[in-house]
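Comments concern the structure below.
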Amino acid sequence: MLRRLLFSLAAVSLMAQAPVITFDSFHHDFGRITPDRKVAAKYRVSNTGNAVLSITQVRPSCGCTATVLGKWSINPGESTDLEATFDPHGYRGVVRKSMEVFCNDPKTPTVTLTLEAEVVQAVMPSQEAVYFNAARTTTVHAPVHFASGSGDPVRITDARAPGAPFLTFAWRPDGKDAVLDVTFNGRAVPKGQFRGVETATVHFDNAQVPQLPLDIQWELKPAVVATPVGLVFEGTAGTELKTKLALKQAEGRAFRVTGMSCSLPQVRVEGLMQKAAPQQALNVVLPASLKAGRYSETLALTTDDPDQPELTIRLSAILK
């Protein structure tokens, strides 16, 4: 009986021998840093248990974070430092990273440590792309704000988009920041072009950020507008179906519809080659020869309007 009691006490004593991992902090905030400045944070790790604490692995969430551990085995009552280094190169804005610490603490085998920083560039644009959707006869503007992340004034020295004569630039100071005004002139868009993506280069008198790209997407509004924008037919196969299609010149100029083509060859359009007018009324016809089924097609209309030589309309049909 005594032997069994001593054995039980020894087993309980053995089970009570265990390491306990603790940290003075689980999170570190570096605040605002520049992308050329590597930073490091120290996390104090202690063993508050009564057995040796063995740290088996420290795994960062990405390669931009490196870790160094003072000691991998920590005796009861002792401490060491885990140092995490963060390289902010290539980052901008608030960045959050983490690392996992694996150990032989039976109750806490894994601990997650985190760090964060706000990476500020010497010059920070309010946006990296501008979008214009304008009529060919209009001129529109869009401002882009360039903020100072270092505290030094931002000065724009030049801005241009080669091969895009319809884009012009002007700039002005705004305190320590700068504002770039981008102007899109629809009249200067070459004939036959209706949309595109340009890349402008903005130059600064800043050694850290000598220049930044600015993407400019643009699209001309249709000169001829269709109503409805899409045609939907629903009926019985073997019956001719007809629907109205109205076209209107946005600037009120007279035009004619000169031709059509459709991905479904049986479709025909009534009212082509009418007298030039600011509005045209057409009929789109599905012949009785079409079989039952679902159709999703494209109808293309050609016009003599120089700003809208072609107009594409979606055509859907359900024939029972």
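The values are calculated or read from the model by the stated rules, or taken from the named source; none is laboratory data. Remember, it's a predicted structure, so these values are computed and weren't measured experimentally. Heads up, the Cβs are rebuilt from the backbone with ideal geometry, glycines too, and the neighbour counts pull from every protein chain shown.
Considering (1) under 36 Å from the mean Cα position of the chain (by Cα); (2) touching a residue at least 24 places away in the same chain (Cβ under 8 Å), say which one Thr312 fails and leave the rest.
(2)
Would region 25-33 turn up any residue that is in a strand (DSSP E or B), over 30 Å from Leu212 (Cα atoms) and not charged (D, E, K, R)?
yes
For Phe146, only one of the following conditions fails: (1) among the hydrophobic types (A, V, I, L, M, F, W, C); (2) within 27 Å of Phe86 (Cα to Cα); (3) surrounded by fewer than 20 Cβ atoms within 10 Å (Cβ to Cβ). What is its number?
So Phe146 meets the others, but not (3).
Looking at Val120, Val101, Val111, Val94, which one is surrounded by fewer than 13 Cβ atoms within 10 Å (Cβ to Cβ), among the aliphatic types (A, V, I, L, M) and touching a strand residue (DSSP E or B) at 6+ places or on another chain (Cβ under 9 Å)?
Val94
Looking at the structure I just gave you, is Ala170 in a loop (DSSP other than H, G, I, E, B) and of a type in the set (A, V, I, L, M)?
Values: in a loop (DSSP other than H, G, I, E, B): no; of a type in the set (A, V, I, L, M): yes.
Taking the combined requirement at face value, the residue does not satisfy it.
Take the residues in region 20-53 that are under 22 Å from Asn104 (Cα atoms) and among the small types (Gly, Ala, Ser); name whichever of them is surrounded by the most Cβ atoms within 10 Å (Cβ to Cβ).
Here the answer is Gly49.
Give me a count of the residues in region 126-141 that are under 26 Å from Pro210 (Cβ atoms) and crowded, with 19+ Cβ neighbours inside 10 Å.
1
How many residues, within region 168-193, are under 17 Å from Leu212 (Cα atoms) and touching a Ser or Thr at 6+ places or on another chain (Cβ under 7 Å)?
Here the count works out to 2.
Any idea which of Gly175, Gly230 is farther than 29 Å from Glu310 by Cβ, out of contact with any helix residue (DSSP H, G or I) (no Cβ under 9 Å at 6 or more places or on another chain) and loosely packed, with under 13 Cβ neighbours inside 10 Å?
None of the others qualify; the one that does is Gly175.
For Val182, indicate whether it is exposed (fewer than 13 other Cβ atoms within 10 Å of the Cβ) and at pLDDT 95 or above.
So Val182 fails the test.
Based on this model, can you work out whether Val224 counts as within 29 Å of Gly196 (Cβ to Cβ), hydrophobic (A, V, I, L, M, F, W, C), touching an Asp or Glu at 6+ places or on another chain (Cβ under 7 Å) and surrounded by 14 or more Cβ atoms within 10 Å (Cβ to Cβ)?
yes
Conditions first: (1) over 24 Å from Glu219 (Cβ atoms); (2) surrounded by 17 or more Cβ atoms within 10 Å (Cβ to Cβ). Val285 passes all but one, so which condition is the exception?
For Val285, the exception is condition (2).
Please enumerate the residues belonging to region 87-139 that are assigned to a loop (DSSP other than H, G, I, E, B) and among the basic types (Lys, Arg).
Arg92, Lys107, Arg136 - these are the residues of region 87-139 that are assigned to a loop (DSSP other than H, G, I, E, B) and among the basic types (Lys, Arg).
Just checking, does region 89-98 include any residue being in contact with a Phe, Trp or Tyr (Cβ under 9 Å, 6 or more places away or on another chain) and either modelled with pLDDT under 95 or of a type in the set (A, V, I, L, M) (or both)?
Quick first cut of region 89-98, residues in contact with a Phe, Trp or Tyr (Cβ under 9 Å, 6 or more places away or on another chain) only: 95, 97.
Filter once more, keeping what is either modelled with pLDDT under 95 or of a type in the set (A, V, I, L, M) (or both): 95, 97.
Within region 89-98, one or more residues are in contact with a Phe, Trp or Tyr (Cβ under 9 Å, 6 or more places away or on another chain) and either modelled with pLDDT under 95 or of a type in the set (A, V, I, L, M) (or both).
Let me spell it out: the conditions are (1) in a strand (DSSP E or B); (2) under 17 Å from Val225 (Cβ atoms); (3) within 41 Å of the chain's Cα centre (by Cα), and Ala281 meets all of them except one. Which number is the exception?
(3)
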